[in-house]
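Visitor: Dumping the structure here so I can ask a few things about it.
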Amino acid sequence: MKTYKTYISDLTSKPDWLGTYGDQTGKTLNTDFGFGPDGMYFVGNAGNEGPSTAYSVRTNWDISGRQACEVIFTVDHTGDCTDQGICFYNDGQSPNWNWNPDPSRIAFSVNCPTLYIYGTNKFVNNSGEYYGNWGEGDSGSNVLGSGLYTFKVTYNPTAGTVTAVTYEGSNTSGAVLDNIVLYQKLSDSSYRIGFDADNDGLGADSFPAYFKSLQINVDDAYEVDLSPDHPETIPNYKYDGDGNLDTAIVESSGKRISIQRTSYLELIDIYGNRKVVSSKDGGSLGIVSDNFLIEQEYFNRPPVSQSINYTQSSLYDPRMAIATKETMINGSAAESRATGTVCGGFEYIQIDLNGVYNVKGVVIGCDWFGPNQSDPFDTNLPGLIGDWGKEYTENKNVEYSTDGINYTFLFNTGTFEQPIQTYNVNIKTRYIRIVDATGSCLSLTEFYAI
């Protein structure tokens, strides 16, 4: 079970874990920004449209550069461009508000009716990921109207991802409207979170942009100390020998973690998987997160993008892209570059992990935004070439194999209630494929193992 340290506020007054930084942004507390009965508010422009120092409200404590966190917040999108946003920035930096990538932070921002994640040198919206400034990529499709919306923004520095999910209404039980992922991370030093809003040119007399609630979940973590102050002798598991070793012990969430003074770190998860890595005797290994994401390969988990190959039985149209790491692992379900097969016979799209891994989930995306084009080959609007819809991803069987010859049924995709869905599994495999043997076509916008 994953555990978090959680910070929650209705923002009607300033919680003690948030600080105000108007002295750095040139804004005045209780005039340009503040807290009141309707929540945390911001009036006027953020940083005069940037790039300039912004985010007048920030967390006042450090998060380790190895810890993941979720930021869940509800906003009142009362006007077309009451543009609320948050950022992750390394402690010691001055984060800029900028409608472009900026090296000072990674930011999630409402941009009128569209959602963006702006990285340090690239950005993503629901049309895809682009390098360079805002005007150099597709502007994305509209998501927001007028009303309350909730966002869950997750920064995972170990995986190198920032994910933003948009929900309709005042909590995460509402309908999923958007799901985007940026593949980027900050430096490994500690980081903080900033909050601001931009009223898109409206002055100090404009209505405020409100944050109605805020919750921050930080991975439960602990320092692993190998110093002589924390020794204990226990029987060692047999890694290149056996016997009693002088060992430091840490437990969290029912899992035993032992630091062996002979320079081995042993982790055991709830499935009985073990991983031993080298560490320096007498020193500190640093932060070990409860989900064991010190390194991506812990417990032999599959690679997110490296060393993955894709094959497919056919390609519907040569103007479509074939399945690759770039098209199948990008967090977007509205793109013309994803793939589809012809209709008829036995059709499949397959992942080869190039090794047997412990797989705990399979991520699959459908063509959520089509068919909605008068011209089925017009790629200027959302939807795949060929005027697809989510039905070409629904009710498909997923199978797995360790040898690429003998396959076992894993699950059926069922119906899609959101553009990208994660199916929880617990298997050891090398190959995963989604198949159709009914004579229908098969389309995918996202497909990978975790």
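The values are calculated or read from the model by the stated rules, or taken from the named source; none is laboratory data. Being a predicted model, the structure only gives us computed values, none of them experimental. FYI the Cβ positions are ideal-geometry reconstructions off the backbone, even for glycines, and counts take in every protein chain you see.
Visitor: Please enumerate the residues belonging to segment 22-31 that are surrounded by 13 or more Cβ atoms within 10 Å (Cβ to Cβ) and closer than 17 Å to Asn96 by Cα. Spell out how you get there, then give the answer.
Guide: So in segment 22-31, the residues surrounded by 13 or more Cβ atoms within 10 Å (Cβ to Cβ) come out as 22, 24-29.
Answer for segment 22-31, where residues must be surrounded by 13 or more Cβ atoms within 10 Å (Cβ to Cβ) and closer than 17 Å to Asn96 by Cα: Gly22, Gln24, Thr25, Gly26, Lys27.
Visitor: Name the residues in segment 164-176 that are of a type outside the set (Gly, Ala, Ser) and surrounded by fewer than 20 Cβ atoms within 10 Å (Cβ to Cβ), would you?
Guide: To start, the set of residues in segment 164-176 that are of a type outside the set (Gly, Ala, Ser) comprises 165-168, 171-172, 176.
Correct list: Glu168, Asn171, Thr172, Val176.
Visitor: Criterion first (touching a residue at least 12 places away in the same chain (Cβ under 8 Å) and surrounded by 19 or more Cβ atoms within 10 Å (Cβ to Cβ)) does Pro157 satisfy it?
Guide: Working: touching a residue at least 12 places away in the same chain (Cβ under 8 Å): yes; surrounded by 19 or more Cβ atoms within 10 Å (Cβ to Cβ): yes.
So Pro157 fits the description; yes.
Visitor: Then there's this: Is it the case that segment 332-345 has a residue that's at negative phi, surrounded by fewer than 16 Cβ atoms within 10 Å (Cβ to Cβ) and at pLDDT below 50? Spell out how you get there, then give the answer.
Guide: Looking only at segment 332-345, we keep the residues that are at negative phi, and these are 332-343.
Checking the rest, the ones that are also surrounded by fewer than 16 Cβ atoms within 10 Å (Cβ to Cβ) come to 342-343.
If we keep only those that are at pLDDT below 50 too, we end up with none.
No, there is no match, as no residue in segment 332-345 is at negative phi, surrounded by fewer than 16 Cβ atoms within 10 Å (Cβ to Cβ) and at pLDDT below 50.
Visitor: Within segment 1-21, take every residue that is surrounded by 13 or more Cβ atoms within 10 Å (Cβ to Cβ) and basic (Lys, Arg) and give me the one that is modelled with the highest pLDDT.
Guide: Filtering first and then ranking leaves Lys14.
Visitor: Looking at (1) touching a strand residue (DSSP E or B) at 6+ places or on another chain (Cβ under 7 Å); (2) β-branched (Val, Ile, Thr); (3) modelled with pLDDT under 90, can you tell me which one Ile385 breaks?
Guide: (1)
Visitor: Filter segment 417-447 down to the residues that are in a strand (DSSP E or B), out of contact with any Gly (no Cβ under 8 Å at 6 or more places or on another chain) and either surrounded by fewer than 20 Cβ atoms within 10 Å (Cβ to Cβ) or outside the structural domain of Asp367 (by TED's automatic domain parsing) (or both) and list them by number.
Guide: Narrowing segment 417-447 to residues in a strand (DSSP E or B): 420-436, 443-444, 446-447.
Adding the requirement that they be out of contact with any Gly (no Cβ under 8 Å at 6 or more places or on another chain) leaves 426-429, 432-436.
Once the filter is applied, which keeps residues that are in a strand (DSSP E or B), out of contact with any Gly (no Cβ under 8 Å at 6 or more places or on another chain) and either surrounded by fewer than 20 Cβ atoms within 10 Å (Cβ to Cβ) or outside the structural domain of Asp367 (by TED's automatic domain parsing) (or both), segment 417-447 yields Asn426, Ile427, Lys428, Val435.
Visitor: With respect to the numbered conditions (1) of a type in the set (Asp, Glu); (2) in a loop (DSSP other than H, G, I, E, B); (3) at pLDDT 85 or above; (4) over 22 Å from Asn125 (Cβ atoms), which one is the sole condition not fulfilled by Glu399?
Guide: Failing condition for Glu399: (2).
Visitor: Taking the condition of being closer than 17 Å to Pro419 by Cα, of a type in the set (A, V, I, L, M, F, W, C) and out of contact with any Ser or Thr (no Cβ under 6 Å at 6 or more places or on another chain), how many residues in segment 149-173 meet it?
Guide: Adding up the residues that qualify gives 3.
Visitor: Something else now. Of the residues that sit in segment 22-47 and are small (Gly, Ala, Ser) and assigned to a loop (DSSP other than H, G, I, E, B), which one is nearest to the chain's Cα centre (by Cα)? Full working, then the answer.
Guide: Restricting attention to segment 22-47, the residues satisfying the condition of being small (Gly, Ala, Ser) are 22, 26, 34, 36, 39, 44, 46-47.
Keeping just the survivors that are assigned to a loop (DSSP other than H, G, I, E, B) gives 26, 44, 46.
Numbers: Gly26: 32, Gly44: 30, Ala46: 25 Å.
Checked segment 22-47; the qualifying residue nearest to the chain's Cα centre (by Cα) is Ala46.
Visitor: Inspect all residues belonging to segment 50-63 and state whether any of them is closer than 23 Å to Thr163 by Cβ, assigned by TED's automatic domain parsing to the domain that holds Ser213 and among the aromatic types (Phe, Trp, Tyr).
Guide: Within segment 50-63, the first condition is being closer than 23 Å to Thr163 by Cβ, and the residues that meet it are 54-55, 57-59, 61-63.
Narrowing further to those that are assigned by TED's automatic domain parsing to the domain that holds Ser213: 54-55, 57-59, 61-63.
Now narrow it down to the ones that are among the aromatic types (Phe, Trp, Tyr): 55, 61.
Yes - at least one qualifying residue is present in segment 50-63.
Visitor: Starting from residues that are on the phi < 0 side of the Ramachandran plot and of a type in the set (Gly, Ala, Ser), keep the ones in segment 384-416 and report whichever is surrounded by the fewest Cβ atoms within 10 Å (Cβ to Cβ).
Guide: Ranking the candidates gives Ser401 first.
Visitor: In this structure, is Trp99 among the hydrophobic types (A, V, I, L, M, F, W, C) and in contact with a Phe, Trp or Tyr (Cβ under 6 Å, 6 or more places away or on another chain)? Explain how you work it out, then say what you get.
Guide: Values: among the hydrophobic types (A, V, I, L, M, F, W, C): yes; in contact with a Phe, Trp or Tyr (Cβ under 6 Å, 6 or more places away or on another chain): yes.
Yes: the conditions hold for Trp99.
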